[in-house]
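See below for the structure under consideration.
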Amino acid sequence: QVTLVESGGGLVQPGGSLRLSCAASGIIFSVYTMSWYRQAPGKQRELVAVITSGGITDYADSVKGRFTISRDNPKNTVDLQMNNLKPEDTAVYYCKGRRGGIDYWGQGTQVTVSS
């Protein structure tokens, strides 16, 4: 059984930082492309950051320079370090694992940026 479990969300003031983590089980984690998505109320889910099995990363323009995605293959985790958070970063953040056209999603973690 494949499970992805996100953690680390919460309430933070503008300009603050949060670190999200996603723990995977039931997959050979090292061969999966891992991504973070987010969905704000009334909006479509959007890609935030991606890291390939080889460690290549890419980011949405809106988060470049502020967010960093990283993975720890021995621990089967992928993290998203979020700095200089803005109110528009408020959303539910989801972890996704992808390989061979098959996607696995976590349940999401809420991030709220507000003063």
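Here are the numbers for the structure shown:
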| read-out | value |
| --- | --- |
| Value in Å of the Kirkwood radius, where region 51-115 supplies the Cα pairs that are averaged | 13.4 Å |
| Distance-filtered residues of region 73-100 - backbone nitrogen under 19 Å, label point 7 angstrom along Glu46 Cα→Cβ | 80-96 |
| Listed residues Gly54, Gly97, Gly16, most fluctuating in the chain (Gaussian network, C-alpha, under 10 Å) | Gly54 |
| Within a Gaussian network of the chain (alpha carbon springs, distance under 10 Å), most fluctuating of Lys96, Lys64, Lys43 | Lys43 |
| Distance between modelled label sites at Thr3 and Arg19, nm, 7 Å Cα→Cβ extension | 2.3 nm |
| Cα convex hull of region 1-64, projected area averaged across orientations, nm² | 5.6 nm² |
| Accessible area per residue in Å² at 1.4 Å probe, computed on region 13-115 | 51 Å² |
| Dipole magnitude of region 1-101 about its Cα centre (Cβ charges: Lys, Arg +1; Asp, Glu -1), debye to nearest 20 | 120 debye |
| Approximate spin-label separation Asn83-Gln110, in nm, with each point projected 7 Å along Cα-to-Cβ | 2.8 nm |
| Antiparallel %, DSSP beta bridges [both residues in the chain], to 5 | 95 percent |
| Distance in nm between pseudo-label sites at Asp61 and Asn73 (7 Å out along the Cβ direction from Cα) | 3.3 nm |
| Å³ per residue enclosed by the Cα convex hull of the chain | 95 Å³ |
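The values are calculated or read from the model by the stated rules, or taken from the named source; none is laboratory data. If you're wondering where the values come from, they're calculated on a predicted model, not measured in any experiment. Because the Cβ atoms are built from the backbone with ideal geometry, glycine has one as well, and the counts that use them run over all protein chains shown. Side chains are part of the model used for accessible areas, which takes the heavy atoms of the whole protein and leaves out ligands, DNA and RNA. Shrake-Rupley method; radii C 1.70, N 1.55, O 1.52, S 1.80 Å.
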